[in-house]
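Worksheet: one structure, shown below.
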Amino acid sequence: MSHCPQPQNELLAIVAPTITWVLVLIGWIVVHWTTARRARRQEELGMLAAIEKRVIALRDLAVSYYTSPASDSDSGTVVRLKLELKSIVGSVRLLRKRQPNGYEVEGDIIGLRQAVTGGMFESGSKVRRPPDDEKVQNIWSRVDDLLQALQGEFERVNRGF
Amino acid sequence: MTATTELSVARDFSRFPAGRYLTDGKHSGERFRAMLLPKLHSGPVRVLLDGTLGYGSSFLEEAFGGLVREGFTVAQLHERLTLASSDASLVTEIWSYIDDLNH
């Protein structure tokens, strides 16, 4: 007696491998997307760490500048401070290129620049300030503000990973 | 209509703008303002900020905030002054010095 396959079984025989391949493809896309996102997150973390290092170096240099008496090395220090600020701004701009909807920290950048280079910066009448001087404390605060803002933005744009 | 004058800080003033007052050096904000003022009286000016070593807020405040202290109104400055920089925060900061003097 001959056995004829049911039409339903034939359909399943055709569709099943296709479903398997679709599932494999979806799985591959999900894994690829997750891996790429993790790699991007790691790169951003590295960039943030580099910025944080620069910001802290800037803070230390600025505090040292304001708490020291006027000296011949001041002109070199102000150049370094301005170059560091430029470099930090450039690094944040790179982060924003990667994440156009994130790292909007312009206000904190301006606050930091004002704290470090405002008032009588680059003036011949520079006076040595005590470590608890308002100007020095303001530099610390603005540095903290910027670092917190960057960290907050990182967590926001990478939420869920 | 008067043509816009273009003024590059790096090219026409100094690559090393520094300090607030004339007594702080020959590339201070006060000196730059003295250069900018007659141009602004003549018509619109576009200031190019790129190409320098960097700016201190003291320079920026004196150079641009000082325009209001010299008699320009904030409205006049918004009409005549254009700022261009690859660092948008510089432009925002400068306008804050001008706009804050409105109050």
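Every number here is computed from the coordinates shown, using simple stated rules; none is lab data. Quick caveat, the model's predicted, so the values are computed rather than measured. Glycine gets a Cβ as well: all are built from the backbone with ideal geometry, and neighbour counts include every protein chain shown.
Remarks
- Ranking A:G102, A:V127, A:V116 by how far each Cα lies toward the positive end of the dipole of the stretch A:47-157 (charges on Cβ) leaves A:G102 at the top.
- In chain A, the longest principal axis of the Cα atoms and the axis of helix A:74-98 are about 20 degrees apart.
- Couplings 3J(HN,Hα) of the stretch A:13-22, computed from phi: 4, 7, 6, 4, x, 5, 4, 4, 5, 5 Hz, in residue order, whole Hz [Karplus 6.51 cos²θ - 1.76 cosθ + 1.60, θ = phi - 60°; x for Gly and Pro].
- Distance distribution P(r), the stretch A:98-161, all Cα-Cα pairs, bin width 10 angstrom from 0: 20, 39, 23, 13, 5, 0 percent.
- On the principal axes of its alpha carbon atoms, the stretch B:5-98 extends 29, 29, 22 Å, with the longest extent given first.
- Which of B:Y97, B:A3, B:Y55, positive extreme of dipole for chain B (C-beta unit charges): B:A3
- Karplus-derived HN-Hα couplings along the stretch A:133-144 (A = 6.51, B = -1.76, C = 1.60, θ = phi - 60°), whole Hz, x at Gly and Pro: 4, 4, 4, 5, 4, 5, 4, 4, 5, 5, 5, 4
- Per-residue average of Cβ from other chains inside 10 Å of B:86-96: 5
- The simple spin-label model puts a point 7 Å past each Cα toward its Cβ; for A:R129 and A:I56 those points are separated by 2.2 nm.
- Applying the Karplus relation 6.51 cos²θ - 1.76 cosθ + 1.60 with θ = phi - 60° to the stretch B:45-52 yields 3J(HN,Hα) values of 10, 10, 9, 9, 9, 6, x, 9 Hz, where x marks Gly and Pro.
- Just so you know, the Rg over Rh for the stretch A:47-157 is 1.00, from Cα atoms, with Rh as the Kirkwood radius.
- Tail weight of P(r) past 16 Å, computed on alpha-carbon pairs of the stretch B:37-79, percent: 42 percent
- Nonlocal amide H pairs with A:G118, under 5 Å, H built at 1.01 Å: B:S57, B:S58
- With a 10 Å cut-off around each Cβ of A:55-66, the average count of Cβ atoms from other chains is 0.
- By the helix-only formula, in which each DSSP H run with n ≥ 4 contributes -39500 (n - 2.57) and the sum is divided by residues, the protein assembly as shown has a 222 nm mean residue ellipticity of -21000 deg cm²/dmol.
- For the stretch A:1-79, the calculated P(r) over all alpha carbon pairs, in 5 Å bins from 0 to the bin holding the longest distance, is 3, 11, 9, 9, 7, 7, 7, 6, 6, 5, 5, 4, 4, 4, 3, 3, 2, 2, 2, 1, 1, 0 percent.
- Cα-Cα separations in the protein assembly as shown greater than 29 Å, expressed as whole percent: 46 percent
- Close amide H pairs (under 5 Å, H built 1.01 Å from N) link B:L7 with B:R46, B:V47, B:L48, residues at least 5 positions away or on another chain.
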